[in-house]
Structures are given as structure tokens and as C-alpha cells.
Amino acid sequence: MKFSRRQYLQGALTTGILASLGHPQRTQAQTSSKATAWQLGLGEDPAKLLQEINTDPSVKALLKAWNPQFLSAWINSFDHQRGDLSFWRTWHQENRLRQWFEQGYGLQIITWEDDIELPTGEYHLSKQYLQDLEEVATYIREANPLQTPTYWTLATEFSYWRVPADTYNSQTQSYYQALMANVLKARKVIRKQLPNAWVALSWGGWIATFDDPLQQWGRSMVKPFADTISKMDGIAFQAMRPYLTGEFNPQLNRPDVGNPNQILQCCRLFSQYHDSLMVSHYQPTIKAKHPHGGRADIVTHDFLLMMQPDWLASVRALGLDKFSIMQYGLLKGNVHFAQTAAQTLQQLTRS
């Protein structure tokens, strides 16, 4: 089911259409799928998000519409030597972490390394990385006596960090082997403090959209990680395509596959290696001319396609049960009915 951008902007996606999808007829695939209710996440800065709900009615409305069970925060490294823990330390000192858990929210912790210049990724091989994770995990343990779930999505987009990108070959093998060893250590560090934590590598979701078995490029890059993946708690991947499904992508010189198709392809690929899958950060790629961090029209278009019974049944059956939206500003004000679409999708994923 596809919509042109023209049809879309003329109002084909109205509140009435979205509301009518709230209780679609179940297909045979849905009936036989695992149909696990999704755990939903939101944001990249919990402190900012929860502060804004007290000052901005539109943020309060979008939080109610998406109704997340967990909030997302990042550990970023910009110098490739250590993570920026400054705000984590502030949250700990000001008792904010405990307040969030007491409000009923879980946490997602995403680790990332600056990739403006390649190759990169040295921080994620270091002892400092393990020490930083232990520090944050300790803060969370102290703030979370009821052991509300936490989700750790490590080294997000790591397949891009080496040259050639998205490739497992003689040039990149030593780095990826060292990374696999360190993320297994990272899981032990986290689980020592938080025995119930869910810990996974976080792939760039694009990896599922192309393949060259001879070069071990794209999908064929995943197999060497199979043993490591089996020792983790699941597999995470992001979805940040900046175009509507079928919209011309000038970088690729062809119509874009779109986020819903990429997510489905990721589920088909990664379900071969694990039965617990997560979209770690969904975000139509940041655009300079879109002050909220992306395109709200893509959110609505994507979510409409994801509401379709066959799509939802398929990804559920393949193990997808966690999904986090990164830039909540895209839902503000219900531009292009993005907030309505988000509310409808979250209702469907919990039914």
C-alpha cells in the first residue's frame, strides 16, 4: 500500500483515516504470530523531555500520544578516548535517575562514537569504554531498586566505522574481532550491576538493504558476528532513512526503500541470529531546513505503512518487540498528523 507525496500532502492521511485503522481485521498471519506487545521508547535527552512537558503543552500531548515505557539517552564519544558522562553525573547527583524510575519509566542507553572522519571506533575497543559503562550502570543500579527494565544498545552504526564501510574483510577483520570481544566484556560489566539488563549491538539498519557475498559487504557482513550475537540479549538496529518509501533518493539515484521496508528486511536478516529485536532509534534523517530534526511527513507515511496488518504481523513474528523514536519534536503540533499516526501505531502494537 503506497501513497505518493502529492496524495499525502493533499490530505489523504487524515485523522479519520488513521483512526479507522485503530482496530483492523486480523489476518491469519497475525493470529499465528507471537503478537508480543511492543516496548516503546522516546527521546534522546530524558531531562529535557520531562522538563518540557511542564512548560510546553504540545510536548505533553505527544508524550501522552506515544505513551513510552522507557526514555532514551546516549553515551557519546567525540574524542575517541572517553565517553561524555557529564550529564549522567549531573542526573545522578541531582537524583533525576531515581525520579524517572519512580515515575515508571525504564531507560535505554545508546553508545555512539563520532564518525565524521573515518576510520573511527577506537573508544569502543578501550578499557575506558568498559569503565564508563560500569559507572553509568552503577548510577542506574543505585537509582533503580525495583529493577525497572533497561536496554543497552551498544556501538550503534558501528559497521560504518571502518574502511571499507559495511564490510568484513582482511582490512576490517581485526577491528571487528576486537569490537566483538569488548562488547561481550561490556555485557558482563553491565549485567554485574544490572542482572536483568537487555544488552545488544546496534547495527545501522541500512546493512540489510544490500549484499555482496564475495566481498562480505552488506547482509553478508553479519554472519561473522553470529557467535557474539548469540551471547547477547538481542539485536538492535536503527532506522533513519530521509525519504518516503518510493521517493527518489538522489544519493542512490533511485527510489528509496523507505524505513518500513528497511525495518522488515532487518527483521528477516537478524531473526536468523536472535529472536529478540529492537529498533534502537527511529528518526527520518536530520535536515537543516527541518528545525524539529527531520520530516514529520515521513513519520506519518512510515507509520501508516507499519499499521498495515501484514507488515505488523510479519515483524512481530520475526521478533521485533522494542521500538524507540529519537526526535520527539517531529510529533509536536501534530504536523502532517504525525502525532496521530504515532498514537494509532502505539495502540496497535500493544493490542
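The values are calculated or read from the model by the stated rules, or taken from the named source; none is laboratory data. Since this is a predicted model, take the numbers as computed values, not measurements. Here Cβ is always computed from backbone atoms with ideal geometry, including for glycine, and neighbour counts include all displayed protein chains.
Annotations for the structure displayed:
- The sole residue among ARG162, ARG219 that is basic (Lys, Arg) and either crowded, with 22+ Cβ neighbours inside 10 Å or touching a residue at least 60 places away in the same chain (Cβ under 8 Å) (or both) is ARG162.
- When residues in the stretch 228-244 are screened for being aliphatic (A, V, I, L, M) and more than 15 Å from PHE303 (Cα to Cα), 4 of them pass.
- The stretch 287-309 residues that are buried (at least 22 other Cβ atoms within 10 Å of the Cβ) and of a type in the set (Asp, Glu), paired with ones that are assigned to a helix (DSSP H, G or I) and at pLDDT 90 or above (beta carbon under 8 Å, 6 or more apart): ASP302/ASN259; ASP302/PRO260
- When LEU118, LEU107 are checked against the criterion of being out of contact with any Asp or Glu (no Cβ under 8 Å at 6 or more places or on another chain), part of a loop (DSSP other than H, G, I, E, B) and either buried (at least 21 other Cβ atoms within 10 Å of the Cβ) or on the phi < 0 side of the Ramachandran plot (or both), LEU118 stands alone in meeting it.
- Restricting LEU97, LEU130, LEU118, LEU107 to those that are under 24 Å from ASP227 (Cβ atoms), of a type in the set (A, V, I, L, M) and modelled with pLDDT of 95 or more reduces the list to LEU130.
Residues checked against (1) in a loop (DSSP other than H, G, I, E, B); (2) more than 29 Å from THR285 (Cβ to Cβ):
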position: TRP152; (1), (2): no, no
position: ARG162; (1), (2): yes, no
position: GLN177; (1), (2): no, yes
position: ALA181; (1), (2): no, yes
position: ALA186; (1), (2): no, no
position: ILE207; (1), (2): no, no
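- There is at least one residue in the stretch 262-271 that is surrounded by 19 or more Cβ atoms within 10 Å (Cβ to Cβ), more than 22 Å from ASN249 (Cα to Cα), at pLDDT 95 or above and among the aliphatic types (A, V, I, L, M).
- When residues of the stretch 165-175 are limited to those that are outside any helix (DSSP H, G or I) and free of Cβ contacts under 8 Å to residues at least 24 places away in the same chain, the one surrounded by the fewest Cβ atoms within 10 Å (Cβ to Cβ): SER170
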